[in-house]
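**Q** Before I ask anything, let me first share the structure, which is written out below as structure tokens.
The values are calculated or read from the model by the stated rules, or taken from the named source; none is laboratory data. Keep in mind that this is a model prediction, so the values were computed, not measured. With ideal geometry, Cβ positions are generated from the backbone for all residues, glycine too; neighbour counts draw on all protein chains shown.
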């Protein structure tokens with residue numbers, strides 16, 4: 001791409017004539033930002049015109065008054081990393097001579113830190129968010145599960161549970177927690193009283209309820225268990241083993257969708273029908289983890305797509321794009337007020353995406 005304005009003559013003819021091309025003088029203009037949402041550390045691509053000139057310094061990209069790190073710079077394309085501490089989603093490009101009009105982007109806000117989630121957070125009917133400090137295998141930590149209330153205050157909720165992993169609520173407001181160390185599923189009351197719900201679940205990771213309130217448990221060594229309301233346990237399906245965890249979510253079609261990262265960089269999302277028959281819904285993700293559906297049937301997956309890490313949206317027709325940019329995302333949940341809660345390896349981040357999530361139990 002030329003760094004100069006086009007003329008009727010080719011650049012080769014200009015060089016032969018010994019003429020110096022006229023430098024760009026127009027105001028920078030933003031035409032497209034992709035994706036339009038990110039968490040701090042995520043990378044956003046900006047397309048437009050007049051971003052830089054030959055031999056000139058890179059432009060400055062601001063999110064409000066915070067400066068992002070420009071990774072790629074050309075007259076028509078920039079790639080910028082979202083800085084920490086961003087409080088505004090108004091993005092501008094400043095060449096030093098002129099500033100572009102602002103474009104609104106959605107930037108996530110950290111609502112809880114010093115956690116260790118390894119799967120989706122869970123949200124109760126009152127809007128409280130629950131997340132884990134899972135720890136390394138066999139590690140016993142002072143607080144196993146935290147509760148983040150509607151005012152985004154963080155409270156210890158549960159202690160003395162080794163390697164809590166998956167979280168899910170039933171209709172009665174009871175919280176279910178898997179321990180990948182013990183292979184046990186715990187049932188926890190709203191006031192934190194814990195009891196054993198099921199045992200012998202292997203390396204128990206992801207949890208999800210179907211509409212009949214059967215509980216499904218992902219044993220990452222290769223099994224999806226189904227636990228009926230009377231606590232009978234069945235092998236529902238078998239899959240390729242995961243190097244990390246199985247993550248589970250039901251769509252309105254009554255089918256179970258499962259991710260489980262392997263050593264491949266071209267992993268798939270599984271679709272398992274009510275009869276336990278396994279098929280591939282989508283293939284081509286890098287390290288897919290937590291997942292959630294919206295009411296339109298779109299699936300959101302924490303994964304990378306074509307080398308770009310963040311949240312990937314996959315339509316019912318199998319069309320995929322990165323809609324949130326960010327590193328280290330392991331879990332996703334939607335709130336009743338249409339925001340998205342993302343779990344990273346150490347924090348929870350909220351983005352106001354105006355997406356209506358699919359209720360986990362109808």
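**Q** Any idea which residue in the stretch 21-40 is farthest from the chain's Cα centre (by Cα), counting only those that are surrounded by fewer than 17 Cβ atoms within 10 Å (Cβ to Cβ) and at pLDDT 95 or above?
**A** Top of the filtered list is 29.
**Q** Which ranges mark the strands (runs of 3 or more DSSP E) fully within the stretch 154-229 that have 3 or more residues being surrounded by fewer than 20 Cβ atoms within 10 Å (Cβ to Cβ) and either free of Cβ contacts under 8 Å to residues at least 60 places away in the same chain or within 27 Å of the chain's Cα centre (by Cα) (or both)?
**A** Strands (runs of 3 or more DSSP E) meeting the threshold: 154-158, 194-198.
**Q** It is to be established whether one or more residues within the stretch 111-124 are over 22 Å from the mean Cα position of the chain (by Cα) and outside any loop (DSSP other than H, G, I, E, B).
**A** no
**Q** Look through the stretch 292-324, keep the residues that are farther than 22 Å from residue 43 by Cβ and buried (at least 21 other Cβ atoms within 10 Å of the Cβ), and return whichever of them is nearest to the chain's Cα centre (by Cα).
**A** The selected residue is 292.
**Q** Next up: Take residue 14 and tell me if it is within 23 Å of residue 109 (Cβ to Cβ), at pLDDT below 95 and either outside any strand (DSSP E or B) or assigned by TED's automatic domain parsing to the domain that holds residue 328 (or both).
**A** Details: within 23 Å of residue 109 (Cβ to Cβ): no; at pLDDT below 95: yes; either outside any strand (DSSP E or B) or assigned by TED's automatic domain parsing to the domain that holds residue 328 (or both): yes.
It is false that residue 14 is within 23 Å of residue 109 (Cβ to Cβ), at pLDDT below 95 and either outside any strand (DSSP E or B) or assigned by TED's automatic domain parsing to the domain that holds residue 328 (or both).
**Q** What number of residues within the stretch 233-250 satisfy the criterion of being outside any strand (DSSP E or B), buried (at least 20 other Cβ atoms within 10 Å of the Cβ) and in contact (Cβ under 8 Å) with a residue 40 or more places away in the chain?
**A** Number satisfying all stated conditions: 2.
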